[in-house]
Amino acid sequence: MLKQFCKYNNWANSLLLDTLNANSNSLPESCISLFSHIVNAQKIWVSRINGVTPNIAVWQVNDLETCSALLEETANALSKIEYLEMADSPILKYTTSNGDSYETSVYDILLHVFNHGTYHRAQIAKEMKIHQIKPVNTDYIQFVRLQQ
């Protein structure tokens, strides 16, 4: 199931990025900030899973070109994580940007990453509506329908 969520997450983020680029002249800063947060968080989690210290801040605001590069990098990396097909994944020890230490299964981390993106894409859609920009439909069911 995680493999399907990964495909959905990558599709939804790419679709949203296309919409953000198409409306870049009228986007509120909140949309770019939230989208930056999505890709930054993905980069941080991929780094942790791969045993690398993250080199990006979770709320760092990027331009759309940087978001695009980070999205491509993290989408590829997430798609290649072997634990997407395993419910029994290893426990990862990591330290958050606040300095707190945790131990979480890679499976739960990946589920969090995909759910996290959905949450913030909904916030972006709301911001777009408030600013009279038509949001794109990134619902999971839309992804499934398009796969048929």
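Tabulated values for the structure
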{"read-out": "Lone unmet requirement of (1) at pLDDT 95 or above; (2) surrounded by 11 or more Cβ atoms within 10 Å (Cβ to Cβ); (3) touching a Leu at 6+ places or on another chain (Cβ under 9 Å) for Thr118", "value": "(3)"}
{"read-out": "Scan of the stretch 85-105 for residues that are β-branched (Val, Ile, Thr) and either surrounded by fewer than 11 Cβ atoms within 10 Å (Cβ to Cβ) or closer than 23 Å to Phe5 by Cβ (or both), ordered by number", "value": "Ile91, Thr96, Thr104"}
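The values are calculated or read from the model by the stated rules, or taken from the named source; none is laboratory data. If you're wondering where the values come from, they're calculated on a predicted model, not measured in any experiment. Ideal geometry is used to build each Cβ from the backbone, glycine not excepted, and the neighbour counts take in all protein chains shown.
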